[in-house]
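The values are calculated or read from the model by the stated rules, or taken from the named source; none is laboratory data. Treat the numbers as computed from the prediction; the structure is a model and nothing was measured. Positions of Cβ are backbone-derived with ideal geometry, glycine not excepted, and every protein chain shown enters the neighbour counts. Quick note on the areas: whole protein, heavy atoms, side chains included, nothing else; ligands and nucleic acids left out. Shrake-Rupley method; radii C 1.70, N 1.55, O 1.52, S 1.80 Å.
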Amino acid sequence: MPGRGRCPDCGSTELVEDSHYSQSQLVCSDCGCVVTEGILTTTFSDEGNLREVTYSRSTGENEQVSRSQQRGLRRVRDLCRVLQLPPTFEDTAVAYYQQAYRHSGIRAARLQKKEVLVGCCVLITCRQHNWPLTMGAICTLLYADLDVFSSIYMQIVKLLGLDVPSLCLAELVKTYCSSFKLFQASPSVPAKYVEDKEKMLSRTLQLVELANETWLVTGRHPLPVITAATFLAWQSLQPADRLSCSLARFCKLANVDLPYPASSRLQELLAVLLRMAEQLAWLRVLRLDRRSVVKHIGDLLQHRHSLLRLAFRDGTAEVGTRGKEPPVWGQGQREGEVGNNSLGLPQGKRPASPALLLPPCMLKPPKRICPAPPVSTVTGDENISDSEIEQYLRTPQEVRDFQRAQAARQAATSVPNPP
């Protein structure tokens, strides 16, 4: 047969496949020379062309695993190729899937859990190699529920005893912001909304670092915080044209989904910026609000570390020191009124102490449901035991009466019955 190679002895191309034995052989029909005896790990026709076949594509692997595990391994490889991960990532994810599948709880799990297990192995591999991939992206590709995915993810990490580092926010910001459709002019994006990618990315990173320093990222999903920071960075670069744009419209222009908590993260970031603006003299007189403070984000980020220290850490101490200082203008009432008016407060009022820098879960703790008090079923007719009756005796006369009653009871029980 042409195309099968040539016989090494006679050079003939008439090579036939002899399948009389358990393993097929390639034999020359002219001289009878056995050209190849096949590879024991596979029966693919590629052997006829003298090409090696990887073990993962051979029948040798498929004979040792079940259909469910074969399907899961194929899904792991397909997901890695869709995400364009390096080959080493694919091998690591396959190894994690095989380790997890050895546990009886995973083998007997439902098909939905096994499908989520594919994404968990890929996500663990990406986290260990510092590859910027979010849990939400995996859930979107697998059409999986985020709560189910997160619970199975924690279960697999604990089951395999893996050390998974936390996600690098800087790399995640760069990857997530690169998907925004605001860096090139298009019919759907007006020219005044187009922004330079490097400027927007640099300011977004600074805002995300500010959110991280003020406990707005700890224990929360990172995408809503990054979305709110990107929106503020985009507005602050050209506030005159963009302050009228809402967060929902911004996400629609950027062609990204609006995370549900992003609005709350936006309000928390604005509150932090307002606290920082109160420490700058040229901004304190402007009486900024949540809308106008966006115009001065560049100045606030430039002095971020000192303003945070003044606003949250040293603020309480400064107020206490300021209250103990003697009046400068003297002891008269008129001078005291002038001092109060300089702070913008009525006479006799002290400035409020600044809030402490605490996590949001401590500033606004969730409401706990108080359990209902147990219903008392005491009616007053219950029998009182001898060990408890002593606490009800108060006077000496009651004690003597109780002793006489006990003695009479014992005498009555000790008298034998008459014949």
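Annotations for the structure displayed:
- Taking amide H positions as modeled 1.01 Å from N, with prolines and chain starts lacking one, the residues under 5 Å from T36 and 5 or more places away or on another chain are L26.
- The residues of segment 120-198 expose on average 53 square angstrom of accessible surface per residue, using a 1.4 Å probe on protein heavy atoms.
- Accessible surface of segment 74-223 [probe 1.4 Å, protein heavy atoms]: carbon and sulfur percent: 53 percent
- Calculated FRET efficiency for the pair D91/D289, C-beta based, R₀ 45 Å, to 0.05: 0.25
- Measuring only protein heavy atoms, the 1.4 Å probe finds E213 accessible over about 70 Å².
- Label-point gap, in nm, between A411 and L146 - each point 7 angstrom along Cα→Cβ: 8.4 nm
- Two-site label geometry, Q25 and E382: point separation in nm, points 7 Å out along Cα→Cβ: 9.4 nm
- Total lysine pairs under 14 Å (Cα atoms) in segment 136-234, excluding pairs fewer than 8 apart on one chain: 4
- Accessible area of segment 244-291 belonging to carbon and sulfur atoms, whole % at 1.4 Å probe: 52 percent
- Accessible area (Å², 1.4 Å probe, nearest 10) - S179: 50 Å²
- Remark: relative contact order (segment 193-268) = 36 percent; criterion is Cα-Cα distance under 8 angstrom and separation of 6 or more residues.
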